[in-house]
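Down below is the structure, laid out as structure tokens.
The values are calculated or read from the model by the stated rules, or taken from the named source; none is laboratory data. Just so you know, these numbers come straight off a predicted model, no measurement behind them. Cβ atoms come from the backbone with ideal geometry, glycine included; neighbour counts cover every protein chain shown. Quick note on the areas: whole protein, heavy atoms, side chains included, nothing else; ligands and nucleic acids left out. Shrake-Rupley method; radii C 1.70, N 1.55, O 1.52, S 1.80 Å.
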Amino acid sequence: MNPRPSLTELSAFAAIVRHASFRAAADELGMSASTLSHMMRALEQRLGLRLFHRTTRSVAPTEAGARFFGNVAPILNELDRALMDVGGLSDRPTGSVRINAAEPAARLLMDRFIPTFLERYPGIHVDLVVEGRLVDIVAEGFDAGVRLGESLPKNMVAVPFGGDGRLVCVASPAYLARAGTPRTPDELARHPCVRFRLPSGKMYRWEFKHRGQELRFDATGPITLDSMDLMIEAAIRGLGVAFVWEDTARPAIDAGKLATILDDWTPPFEGHYLYYPSHRLVPVGLRAFVDVLKDVERQARQSLRERYRHGGA
């Protein structure tokens, strides 16, 4: 009788089916694609079955492979659930949670959620990777990612946090006193603008909306940056008009260092979501992080209701 497949082989087989890619599965498992391919060929030989159709561009399970996956996947899920249940018995859960987020979302997590999470779960390590490009969180080994509602990938569990988002046009009061205040986006063409370079290398086109009218503006100006913090600093120094996240600029606005303009043209939009794959069980660290995210949001809503109830602003 052929020896039974090992747990490593079964997990590797399931990862290939989920990703439809040897390379992506290898990245998840922390091994080379060639090692994974050799492992699957050896498994096929022992089983006496061809599990995958392979081409230079794609991989898909054969009929036998699909049937095998249908039987194996529930077993692996039950094993993961058993391991998570055991881990949850600890008074102090341990482990890590690895999250990918762009700078504004990472700042929001750091300001409102991560300190509470670390206080509540001191045994869990947070690995927050800040980058602007859109990544495949599964292929690159993240437990979760953060995106705006309009750009969420399919087949993901998505948890909203932080409320609606908003980009605003800002400039220093001194600059506006000197150069005048634009009343419409078209008037920005007469002003120097602080341009924003996307991670892809392209320039961000400023987007405006007013009473059903949508407008995109190609900003021109003396400086191009790829950091919201530096863009805000440039605007404070009077180098021109910047288009930035309101939350990021809020301290400078409240301090009187910046003023918002074209407010009627910059309405709020669907904000940030923490998202993670729906086809796999939630690791202990991520499950705890989601619980804190929801709890902090619930407390914020309750506080807001209490404030309105007592007539406060």
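Here are the numbers for this structure:
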| read-out | value |
| --- | --- |
| Scan of region 167-222 for residues that are in a strand (DSSP E or B), without any contact (Cβ under 8 Å) to a residue 40 or more places away in the chain and surrounded by 15 or more Cβ atoms within 10 Å (Cβ to Cβ), ordered by number | Arg195, Trp206, Phe217 |
| For Asp254: the one exception among (1) exposed (fewer than 13 other Cβ atoms within 10 Å of the Cβ); (2) under 29 Å from Leu152 (Cβ atoms); (3) not aliphatic (A, V, I, L, M) | (2) |
| Scope region 140-166; condition open to solvent by less than 20 Å² (accessible area, probe 1.4 Å) and assigned to a loop (DSSP other than H, G, I, E, B); matching residues | Phe142, Gly162 |
| Test: residue in region 261-273 that is at pLDDT below 75 and closer than 28 Å to Tyr121 by Cα | no |
| Meets criteria (open to solvent by 50 Å² or more (accessible area, probe 1.4 Å), at pLDDT 90 or above, within 22 Å of Ser227 (Cβ to Cβ) and out of contact with any Lys or Arg (no Cβ under 6 Å at 6 or more places or on another chain)) for Arg133 | no |
| Tally of residues being of a type outside the set (A, V, I, L, M, F, W, C) and in contact with a Lys or Arg (Cβ under 7 Å, 6 or more places away or on another chain) across region 201-246 | 8 |
| Qualifying residue in region 234-242 (condition: among the charged types (D, E, K, R) and either in contact with a helix residue (DSSP H, G or I) (Cβ under 7 Å, 6 or more places away or on another chain) or more than 16 Å from Ala174 (Cα to Cα) (or both)) | no |
| Residue count for region 223-232, restricted to those that are outside any strand (DSSP E or B) and either closer than 20 Å to Lys257 by Cα or open to solvent by less than 80 Å² (accessible area, probe 1.4 Å) (or both) | 6 |
| Among residues of region 37-67, those that are open to solvent by less than 50 Å² (accessible area, probe 1.4 Å), assigned to a helix (DSSP H, G or I) and within 19 Å of Arg23 (Cα to Cα), counted | 7 |
| Answer from Glu9, Glu28 - the residue that is acidic (Asp, Glu), surrounded by 14 or more Cβ atoms within 10 Å (Cβ to Cβ) and either out of contact with any Gly (no Cβ under 7 Å at 6 or more places or on another chain) or not in a helix (DSSP H, G or I) (or both) | Glu9 |
| Positions within region 212-232 being hydrophobic (A, V, I, L, M, F, W, C) and more than 22 Å from Glu103 (Cα to Cα), in sequence order | Leu215, Phe217 |
| Scan of region 233-286 for residues that are closer than 29 Å to Ser96 by Cα, touching a strand residue (DSSP E or B) at 6+ places or on another chain (Cβ under 6 Å), part of a helix (DSSP H, G or I) and not β-branched (Val, Ile, Thr), ordered by number | Gly285, Leu286 |
| Residue in region 68-77 that is outside the structural domain of Val138 (by the TED database), surrounded by 12 or more Cβ atoms within 10 Å (Cβ to Cβ) and more than 13 Å from Leu10 (Cα to Cα) present | no |
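Conditions tested, residue by residue: (1) under 17 Å from Asp164 (Cβ atoms); (2) of a type in the set (A, V, I, L, M).
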{"position": "Lys209", "(1), (2)": "yes, no"}
{"position": "Ala219", "(1), (2)": "no, yes"}
{"position": "Leu225", "(1), (2)": "no, yes"}
{"position": "Ala252", "(1), (2)": "no, yes"}
{"position": "Lys257", "(1), (2)": "no, no"}
{"position": "Asp264", "(1), (2)": "yes, no"}
{"position": "Tyr276", "(1), (2)": "no, no"}
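One line per residue, one yes/no per condition, for (1) among the basic types (Lys, Arg); (2) modelled with pLDDT under 85:
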position: Ala14; (1), (2): no, no
position: Gly30; (1), (2): no, yes
position: His38; (1), (2): no, no
position: Leu43; (1), (2): no, no
position: Arg57; (1), (2): yes, yes
position: Phe68; (1), (2): no, no
